[in-house]
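Values quoted throughout were computed directly from the atomic coordinates according to the rules given, and no laboratory measurement underlies them. What you are looking at is a predicted structure, and each value in this text was computed from that prediction instead of being measured. Every residue, glycine among them, receives a Cβ derived from its backbone with ideal geometry; neighbour counts consider all protein chains shown.
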Amino acid sequence: MCEIYNPTRSKVHQGVLVRADWGEVMGGVDSGPVTIVRQETNITSGIEVTQKLIHAAKTLASILRGTLGPRGLDKGLYKSNGEFAVTSDGARILNDLLIKNPGAKLLVSLGKSQEEIIGDGVTSTVLLAGALLDEAGRLIRKGVHPLTVIDGYLRAADVAVSVLEKEAIECSIDDDEMLQHVASTSLGGRSAGSDTKFATMLVDALKQVTHETENGTRCDAEDILFDKLEDSTIGDTRLLSGMFWRKRIPMEQMTGIRKNVKVTLINCDIKQREIIRDLEIELQSAEDLAEFMQIQKQTNVDIAEKILATGADIICSSGDVERSILHQLAVANKVVIHDLDHKQLIHLAQASGATIVDHFNDLSDKDLGLVGHYEGERWAATDEVQDRVIFDECKGPIVTILVGGAMGAEETIRGMYDALRATSLAITDGSLLHGGGSSHMLAAKFVIMESEKVADRTRLGMEAFARALEMIPWMLAANCGVNPLDALLELRSVKSEGKNLIGVREDGSIGSVKNILEPAESLLHGIMAATETANSLLRCDQVISARGD
Ligand SMILES: Nc1ncnc2c1ncn2[C@@H]1O[C@H](COP(=O)(O)OP(=O)(O)OP(=O)(O)O)[C@@H](O)[C@H]1O
Ligand SMILES: [Mg+2]
């Protein structure tokens, strides 16, 4: 099926069409329609495309609306594999939705980029992009050209970013109180957000892992490990200055608590070298056999003595340990943990300051590390290894948060991880903005003021941008159950009086948000990324679908 393409008409085309009058333009020879794509290809053009994309993006954003802020509710995600999860984390919701619409997919990519680069603020960013598209859709329906809207959005985003950059307050790694506010703002609405102990714990964890490297100060949430403690409650969550392993403890006498112990890390089996070629040993007498066995035994004794000579109290190995060597080390009151993976060795090396040696022959006391507190616990064996090994009170820059609570521990970890990312960004970037919608309102106020100086239609785009920014405090208020219109009007009025630290508080009232702090980069990146995504959708005036939908 072929039709003539009329760019002025908004229409869905099937198959491929090319202008019949091109021939006329090119000298009066009409070469007729030419097919360049498959018959089932669908081409949607003009304003219809923009409106369809906008509608899809808005619909996606509306899924996240109810989750925003400390009083946002969770979503239950029932996946195709039968798994059920409850979460309010924007990144997780977007990740688990099987989106096929191109407009909605762009918003999913926006959320992913915010999550990857910042680690928090996904919901706000996607909502802002949805609001920008919603406002743009209204202007386009009234006859404003999409490029005019884009120009207005770009101007407004510049104003918003420069206002917020000026408004940002400084923060350093020593500002414990401020950092705790950043952590608790990010935790708001999550299971770990209810208790200030978690924010304090996250700041402590980050401070412990922050250290100087050749490339400058490193403060990275990746250096904080998480593990779950199923048989406890969320209140039992604690920070270990070291690590937690679920590893078989080979002997009962290796359990219990030991203080200030030296560890050695060996990256091989602790046993005699295996003979891999076929070998025949001819023994003439029973004495020869006894001598042969004795040599074998002595070699094992030598290996054990070599290890004991280092003065190590805990021997960790990535491989297997010969039974007689294990026994000899146990008799000497040493602890042996074996079959560790390389990552575990690296982590303990970082925590204790030990050096990993590739063979026990190379061991020396200089390679030992120090652990302040060792705790080994043997549990009744099941199919899984239940024994627990704790290394605590280590001096190195790696820590573990043990999260309690059988139900929802994963969601707690996710919330804590986001908060760690936000707080580490606050430490490395050193600048903060106030949350609760106050920064968005401030930016909106300045965008409106700036738009009043603009005499052309770009002004409409700027005003639309300001309204989109106001959607954040609107949703925060709505999710608290208060009337969002009243909240917004009150906020506009206080902002006009120059009260910048006023926003939507946790109970929905309009008041001081002095202690609601977010890394400035999270808001700025969110605003810029949402603007870019909205603009790239608005630039699109034709969708060519090879799938025919
Ligand atoms: N105690 C609080 N009072 C008022 N507003 C708060 C409070 N805590 C957090 N907020 C606000 O809630 C918003 C963040 O909510 P939320 O964490 O649900 O979404 P997000 O950070 O944008 O996305 P996500 O966490 O899903 O990546 C921010 O605007 C923040 O300022
Ligand atoms: Mg958040």
Inset, instruction - Please sort by residue number the chymotrypsin sites (Phe, Trp or Tyr not before Pro) in the range 288-383 whose DSSP state is loop and whose Cβ has at most 15 other Cβ atoms within 10 Å. - result: TRP379
Inset, instruction - State, to one decimal in nm, how far the label point of GLU222 lies from the label point of LYS453, with both points 7 Å from Cα in the Cβ direction. - result: 4.3
Inset, instruction - Compute the long axis of helix 342-352 from its Cα atoms, compare it with the longest principal axis of the Cα atoms of the chain, and write down the angle in degrees, 0 to 90, nearest 10. - result: 80
Legend entry - Exposed-site-free run, longest, the chain (rule: trypsin sites (Lys or Arg not before Pro); DSSP loop; at most 11 other C-beta within 10 Å): 278-452
Legend entry - Set of aspartates and glutamates with alpha-carbon distance to LYS499 below 15 Å, sequence-local pairs under 8 removed: GLU167, GLU490
Inset, instruction - Multiply the residue gap between LYS197 and GLU532 by 0.36 nm, knock off their C-alpha separation, and tell me the result in nm, one decimal place. - result: 116.8 nm
Legend entry - Debye, to nearest 20: dipole size of the chain, +1 on Lys, Arg Cβ, -1 on Asp, Glu Cβ: 2400
Legend entry - Of LYS197/LYS334; LYS207/LYS514; LYS112/LYS247, those spanning more than 32 Å from alpha-carbon to alpha-carbon: LYS197/LYS334; LYS112/LYS247
Inset, instruction - Kindly write out, for the range 217-232 in residue order, the coupling ³J(HN,Hα) from the Karplus curve 6.51 cos²θ - 1.76 cosθ + 1.60 (θ = phi - 60°), rounded to whole Hz, with x marking Gly and Pro. - result: 6, 10, 9, 10, 4, 5, 7, 10, 8, 10, 8, 9, 10, 4, 8, 9
Legend entry - Over 20 Å between alpha carbons, listed pairs LYS259/LYS343; LYS306/LYS395; LYS343/LYS395: LYS259/LYS343; LYS306/LYS395
Inset, instruction - Express in % the proportion of alpha carbon pairs of the range 147-296 at distances exceeding 23 Å. - result: 69
Inset, instruction - Assuming R0 = 25 Å, can you tell me the calculated FRET efficiency for the pair ASP320 and GLU291, based on Cβ-Cβ distance, to the nearest 0.05? - result: 0.45
Inset, instruction - Would you mind calculating the relative contact order of the chain from Cα pairs under 8 angstrom and at least 6 residues apart, reporting the percent as a whole number? - result: 24
Inset, instruction - Positive end of the charge dipole of the chain (Lys, Arg +1 and Asp, Glu -1 on Cβ, about the Cα centre): tell me which of LEU537, PRO250, LEU283 has its Cα farthest that way. - result: LEU537
Inset, instruction - Write down, largest first, the equivalent ellipsoid semi-axes of the chain in whole Å, where each equals the square root of 5 times an eigenvalue of the alpha-carbon gyration tensor. - result: 60, 33, 19
Legend entry - Sum of -39500 (n - 2.57) over DSSP H runs of 4+, divided by residues of the chain (222 nm, nearest 500): -15000 deg cm²/dmol
Legend entry - Computed over the range 54-145, Kirkwood Rh from alpha-carbon pairs, angstrom: 13.7
Inset, instruction - Run the numbers on the range 367-506 and let me know its relative contact order in percent, using alpha-carbon pairs under 8 Å that are six or more apart. - result: 19
Inset, instruction - Note the angle between two axes, namely the Cα long axis of helix 122-141 and the longest principal axis of the Cα atoms of the chain, as a number of degrees from 0 to 90, rounded to the nearest 10. - result: 10
Inset, instruction - Restricting to the chain, compute how many DSSP beta bridges are antiparallel as a %, nearest 5. - result: 70
Legend entry - Percent of Cα pairs exceeding the 19 Å cut-off, where the set is the range 138-204: 59
Legend entry - Angle in degrees between helix 286-309 and the longest Cα principal axis of the chain, rounded to the nearest 10: 50
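How do TYR153, TYR417 rank when sorted from fewest to most other Cβ atoms within 10 Å of their own Cβ? Display every interim value, and only then the final one.
Values: TYR153 25, TYR417 20.
Result, fewest neighbours first: TYR417, TYR153.
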Inset, instruction - Search the structure for amide H atoms under 5 Å from the amide H of PHE226, placed 1.01 Å from N in the peptide plane, and list their residues when 5 or more places away or on another chain. - result: ILE401
